[in-house]
Amino acid sequence: MDDVAEKIIAILRKNMRHPEKEIALDTKLADLEIESLDLAVIVFDIEDTFGIQIPYNANEEMADFATVGSVVDKVTTVLVSQNASGAAA
């Protein structure tokens, strides 16, 4: 598992009601009992950890936050995009 995934899993564990549950990339956030308010806190924590801004609308972005892997993919995409923008500047 890569560094991004490990950091995201650590953030998820901080916000879970039962942090001892096993977490894999295909684990659904709903299975971790993460609710929409918890998800907002998690998004802020991820943004702070990685120094990025994640476009997030709870009503529109649910597919990007369905599983742990989809969150990792979203963050990786934002990081790559940000690095490409920074390199072009």
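Points worth noting:
- The stretch 3-27: number of residues that are among the charged types (D, E, K, R) and in contact (Cβ under 8 Å) with a residue 40 or more places away in the chain: 2
- Filtered by the rule that a residue be exposed (fewer than 14 other Cβ atoms within 10 Å of the Cβ) and more than 12 Å from the chain's Cα centre (by Cα), the stretch 29-54 gives ALA30, ASP31, GLU33, GLU35, SER36, LEU37, GLY51.
- Output for the stretch 5-28, where each listed residue is in a loop (DSSP other than H, G, I, E, B) and open to solvent by 90 Å² or more (accessible area, probe 1.4 Å): ARG17, GLU20, GLU22, ASP26
- Total residues in the stretch 64-80, condition at pLDDT 90 or above and surrounded by 16 or more Cβ atoms within 10 Å (Cβ to Cβ): 8
- Among the conditions (1) more than 18 Å from LYS74 (Cα to Cα); (2) of a type in the set (D, E, K, R); (3) modelled with pLDDT under 90, ASP31 misses just one, which is (3).
- Residue in the stretch 55-63 that is over 13 Å from the mean Cα position of the chain (by Cα), open to solvent by 30 Å² or more (accessible area, probe 1.4 Å) and either modelled with pLDDT of 90 or more or of a type in the set (S, T, N, Q) (or both) present: yes
The values are calculated or read from the model by the stated rules, or taken from the named source; none is laboratory data. As the structure is a computational prediction, the values presented were derived from the model and not from experiment. So basically every Cβ, Gly included, is an ideal-geometry build from the backbone, and we count neighbours across all protein chains shown. These accessible areas exclude ligands, DNA and RNA; they are computed on the full protein's heavy atoms, side chains included. Shrake-Rupley method; radii C 1.70, N 1.55, O 1.52, S 1.80 Å.
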